[in-house]
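Undergrad: Please find one structure pasted underneath; my questions will follow.
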Amino acid sequence: MKYEILGKSAQLVNVSLDKGEVVYASPKFVYLIDSNKTNVEVKAKGGFKKSFKRKMAGETFKMAVIEAKEDEAKVGFSSEVAGKIIALEVNENKEYFCEAESFVVAQSGVSLDVYVPKKSAEGFLSGDGMVMQKLSGEGMAFIEVDGDAVEMTLAEGEEIKVDTLHVACVESTVVIEGLVFDKKLKKQLTILKGNGKVWLQTSPIITQSKKIKTIMSIRG
């Protein structure tokens, strides 16, 4: 599979598939299909149990499963918000925990599952980003982040506290220690401990939404 990420402030990802290659995505992300070279099914991929778990992680119950009937079959996927699309190579040594609803598209060998950090199970009910998506298996996957993406690499034992809404994705080698409420800053922070890569998002959609509501209320 070949891919190209296009755009600046609101990105798209176009993929070119060889015959027999399969990708899957929520139908809402599909914006371009080479109808002569592809076969599209919308179904509960993996059965009821896996589809239900994907739903818990913010995805649609049914996914668009797209298979190339010929080489160079083109399919395009858009993001829902202004921001960046990140390409992630998934394999047995590279798994990822991503913000809920960040998944865009992946090759069929990539598994999408729900993930709740063991040390912050309370996040399952908080709605503050601790119900996450797990990407495992083999293949390429693409996620969207709100605003720009800031990539960091944490050394072994290095620890940072991040506004929970800004946590977009981490490698599975990064330990999500849990949630803390900072009384001085008056916000919830997530504790991340290395080693591994971390992707932060600069402008969470929830923050944007609150800002718009505030402006609208002031203006009446």
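The values are calculated or read from the model by the stated rules, or taken from the named source; none is laboratory data. In this text the structure is predicted, and so the values were computed from the model without any measurement. Because the Cβ atoms are built from the backbone with ideal geometry, glycine has one as well, and the counts that use them run over all protein chains shown.
Undergrad: Just one of the numbered conditions (1) touching a Phe, Trp or Tyr at 6+ places or on another chain (Cβ under 9 Å); (2) surrounded by 19 or more Cβ atoms within 10 Å (Cβ to Cβ); (3) in a strand (DSSP E or B) is not true of Glu59; which one?
TA: (3)
Undergrad: Taking the conditions exactly as written (among the β-branched types (Val, Ile, Thr) and in contact with a Phe, Trp or Tyr (Cβ under 7 Å, 6 or more places away or on another chain)), does Ile85 satisfy them or not?
TA: yes
Undergrad: Residues that are at pLDDT 95 or above and of a type in the set (A, V, I, L, M, F, W, C): list the strands (runs of 3 or more DSSP E) wholly contained in region 70-117 that include at least 3 such residues.
TA: Working: elements: 73-78, 83-90, 96-99, 103-107, 110-115.
Where strands (runs of 3 or more DSSP E) fall fully within region 70-117 and carry at least 3 residues being at pLDDT 95 or above and of a type in the set (A, V, I, L, M, F, W, C), they are 73-78, 83-90, 103-107.
Undergrad: Can you find even one residue in region 24-31 that is farther than 17 Å from Ser136 by Cα, touching an Asp or Glu at 6+ places or on another chain (Cβ under 9 Å) and in a loop (DSSP other than H, G, I, E, B)? Step through it out loud before you land on a result.
TA: From region 24-31, those farther than 17 Å from Ser136 by Cα are 26-31; that's our starting set.
Those left that are additionally touching an Asp or Glu at 6+ places or on another chain (Cβ under 9 Å): 26, 28-29.
Of the ones still in play, those that are also in a loop (DSSP other than H, G, I, E, B) are 26.
Yes: one or more hits.
Undergrad: So the check is Cβ under 9 Å with 6+ separation or different chains; which pairs have a first residue in region 175-201 that's farther than 18 Å from Tyr115 by Cα and crowded, with 19+ Cβ neighbours inside 10 Å and a second one that's modelled with pLDDT of 85 or more and aromatic (Phe, Trp, Tyr)?
TA: Correct list of pairs: empty, since none qualify.
Residues are listed down the side, and each one gets a yes or a no for (1) surrounded by 12 or more Cβ atoms within 10 Å (Cβ to Cβ); (2) modelled with pLDDT of 95 or more; (3) over 17 Å from the mean Cα position of the chain (by Cα); (4) part of a loop (DSSP other than H, G, I, E, B):
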| position | (1), (2), (3), (4) |
| --- | --- |
| Val13 | yes, yes, no, no |
| Lys19 | yes, yes, yes, yes |
| Ser35 | no, no, yes, yes |
| Asn39 | yes, yes, yes, no |
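Undergrad: I've got another one for you. I need every pair where a residue in region 33-51 that is more than 12 Å from Glu67 (Cβ to Cβ) and of a type in the set (A, V, I, L, M, F, W, C) has its Cβ under 8 Å from the Cβ of a residue that is at pLDDT 90 or above and loosely packed, with under 15 Cβ neighbours inside 10 Å, sequence separation at least 6 or different chains.
TA: Val42/Pro27
Undergrad: Pick from region 81-93 the residues that are in contact with a strand residue (DSSP E or B) (Cβ under 7 Å, 6 or more places away or on another chain) and of a type in the set (D, E, K, R): which of them is farthest from Leu32 (Cα to Cα)?
TA: So, considering only residues that are in contact with a strand residue (DSSP E or B) (Cβ under 7 Å, 6 or more places away or on another chain) and of a type in the set (D, E, K, R), the one farthest from Leu32 (Cα to Cα) is Glu89.
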